[in-house]
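Please read the structure below before turning to the comments.
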Amino acid sequence: MNLGRALRAGRESRIGFVGSGGKTTAIFQLARTYTDIPVWVTTTTHLAYEQWKLADYFHVFHSDNISGINSKWLDNGVHLFVGAEDEYIHKWTRITKNQYELLLSAVDTYQIPLLIECDGSRGRPIKAPAEHEPDIPNGLTDVVVVVGLNGCNQPLVENIVHRPEIFSRLVKLKPGELVSEEHLINYLSNEQGGLKNLPNNTRKILIINQADTQDQVQIGQRLSKKLLGIYDSCLITCLLDIVEAELQVYEVFEPLAAVILASGESSRMQGKIKQLLDWNGISLIRHVTQQALGAEVQKVGVVLGSHIHEIQRAIDDLPIEILENPRYQTGQSAGMRVAINTYKNTYFNICFLLCDQPFVTSQLINSLICLHRKTLADIVAPRIDGSRGNPVVFDHRTFNDLLQIHGDQGGRELFNTHDVAWLDIPDKRILIDIDTEKDYQIALNAQ
């Protein structure tokens with residue numbers, strides 16, 4: 001998985017980068033993931049002299065009187081735009097507001113990705129923003145906050161934290177004391193810290209960089225689980241100092257909803273409502289819902305249709321959302337459409353479960369979610385001896401296609417048109433679903 005996929009970046013992306021611990025590397029690594037199109041990079045702060053070497057084309061604005069774009073700016077490759085040279089501090093200066101507005105208008109016209117460095121950190125893994133920072137311009141689609149794990153469990157000193165006195169005040173840590181995971185969480189969730197000046201109308205992404213060891217990866221995982229929701233996405237990465245080197249994106253944490261499809265009529269159960277069948281002293285629907293609630297998901301929705309009031313009473317006390325499917329008689333896809341239309345603007349991914357498969361566990365759901373975090377595959381599904389099982393995680397890239405499906409097919413036809421990551425598991429009981437009284441007895445005997 002390259003950084004472009006991990007950030008969900010496209011041609012329409014206008015991304016600002018703030019923070020420390022690999023910000024410049026992330027910008028140029030992302031720029032290199034675009035091929036056969038121009039990518040524009042600029043800054044609202046100062047850039048070191050040597051950074052011009054990271055681009056294919058280097059443009060210096062010596063004057064603010066620019067009437068239009070130069071046709072050479074549209075050549076394929078990475079273009080770096082800076083202001084004039086500041087000989088006193090030996091850096092390139094920021095572009096002016098007029099120059100930025102010119103670039104912003106052009107990238108909208110020509111669909112050119114625009115990447116902007118919005119503050120500096122002097123190479124430290126952690127930084128706290130000064131009063132004037134970060135300088136985030138208008139017109140962005142995303143803002144990426146970068147923090148380096150090399151500063152975690154290290155003392156609060158100048159060579160670890162840029163502006164340690166501000167960081168000290170924000171997280172109530174004395175100079176020289178160790179910067180813990182909790183301090184990083186407090187800083188990154190602070191409106192005067194990691195969230196400072198982040199526009200409300202942009203997607204907020206956290207890159208937890210410098211995950212060079214397995215211990216640091218695990219720290220990144222714990223931080224991501226605490227900060228997801230404050231940030232729209234959390235990435236755990238190892239962005240190397242040499243931008244031409246291979247980039248490692250370990251995991252991408254994004255909001256995910258688990259949706260239980262339970263709106264069917266139980267037409268083959270001889271008058272019984274299968275969602276209410278007894279399973280170890282509780283109803284089948286309650287058992288499946290509890291498994292979903294025990295997984296690492298941000299929302300659990302239950303789609304109901306037939307017998308909605310009776311089934312709802314069995315789970316009404318649980319922290320879930322009931323989604324009504326008025327077209328339940330038309331098949332499983334109708335329930336999926338209800339869920340997608342409900343959650344598509346809030347949750348990037350949906351894990352669909354069936355209410356009649358009692359051997360699906362929280363652990364299995366988590367394993368599927370973990371595989372999706374590592375791959376961002378369009379579809380993640382369990383496989384048992386070559387047979388496809390449930391539940392299935394669908395990435396948001398599949399949502400439009402899922403909305404076009406009708407009948408009782410679910411999402412199976414998308415397996416031929418989208419990339420699939422398979423989770424091979426040995427437990428054949430996962431394939432048991434309860435449609436008839438005979439199926440129910442088989443499931444009971446398989447416990």
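The values are calculated or read from the model by the stated rules, or taken from the named source; none is laboratory data. Quick caveat, the model's predicted, so the values are computed rather than measured. Don't worry about glycine lacking a Cβ; one is built from the backbone with ideal geometry, like all the others, and counts go over all protein chains shown.
Where residues in region 162-181 are of a type in the set (Val, Ile, Thr) and either closer than 22 Å to residue 44 by Cβ or in contact with a Leu (Cβ under 6 Å, 6 or more places away or on another chain) (or both), which of them is surrounded by the most Cβ atoms within 10 Å (Cβ to Cβ)? Spell out how you get there, then give the answer.
Kept after step one, since they are of a type in the set (Val, Ile, Thr), are these residues of region 162-181: 166, 171, 179.
Imposing the further condition that a residue be either closer than 22 Å to residue 44 by Cβ or in contact with a Leu (Cβ under 6 Å, 6 or more places away or on another chain) (or both) reduces the set to 166, 179.
On the way: 166: 19, 179: 24.
Among them, the one singled out is 179.
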- What are the residues in region 145-176 that are in a loop (DSSP other than H, G, I, E, B), at negative phi and either out of contact with any strand residue (DSSP E or B) (no Cβ under 7 Å at 6 or more places or on another chain) or touching a residue at least 40 places away in the same chain (Cβ under 8 Å) (or both), if any? 152, 156, 157, 158, 159, 173, 174, 175
- Task: Could you please let me know if residue 30 is surrounded by 14 or more Cβ atoms within 10 Å (Cβ to Cβ) and part of a strand (DSSP E or B)?
- Result: no
- Scan region 294-318 for residues that are touching a helix residue (DSSP H, G or I) at 6+ places or on another chain (Cβ under 8 Å) and among the aliphatic types (A, V, I, L, M) and jot them down. 295, 297, 300, 302, 303, 304, 311, 314, 315, 318
- Message: Go through (1) in contact with a strand residue (DSSP E or B) (Cβ under 8 Å, 6 or more places away or on another chain); (2) within 20 Å of residue 160 (Cβ to Cβ); (3) at pLDDT 95 or above for residue 228 and report which single condition fails.
- Response: (2)
- Query: Taking region 36-73 as the region of interest, how many residues are without any contact (Cβ under 8 Å) to a residue 24 or more places away in the chain and of a type in the set (Ser, Thr, Tyr)?
  - Reply: 4
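Name the strands (runs of 3 or more DSSP E) wholly within region 182-301 that hold at least 2 residues that are small (Gly, Ala, Ser) and surrounded by 17 or more Cβ atoms within 10 Å (Cβ to Cβ)?
Filter on region 182-301 gives 256-262.
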- Task: Go through the residues of region 380-393 one by one and say whether even a single one is surrounded by fewer than 16 Cβ atoms within 10 Å (Cβ to Cβ), without any contact (Cβ under 8 Å) to a residue 12 or more places away in the chain and either hydroxyl-bearing (Ser, Thr, Tyr) or under 21 Å from residue 335 (Cβ atoms) (or both).
- Result: no
- Item | Meets criteria (out of contact with any Pro (no Cβ under 9 Å at 6 or more places or on another chain), surrounded by 15 or more Cβ atoms within 10 Å (Cβ to Cβ), among the hydrophobic types (A, V, I, L, M, F, W, C) and touching a residue at least 40 places away in the same chain (Cβ under 8 Å)) for residue 350 | yes
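Residues that are at positive phi and part of a loop (DSSP other than H, G, I, E, B): does region 10-27 have at least one? Outline the logic, then answer.
Start the filter on region 10-27 by keeping residues that are at positive phi, which leaves 19, 21-22.
Remaining after also requiring part of a loop (DSSP other than H, G, I, E, B): 21-22.
Yes.
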- Note on the structure: Heads up, the strands (runs of 3 or more DSSP E) in region 319-431 (entirely inside) with at least 3 residues that are over 21 Å from residue 275 (Cα atoms) and touching a helix residue (DSSP H, G or I) at 6+ places or on another chain (Cβ under 9 Å) are 379-384, 392-395, 420-424
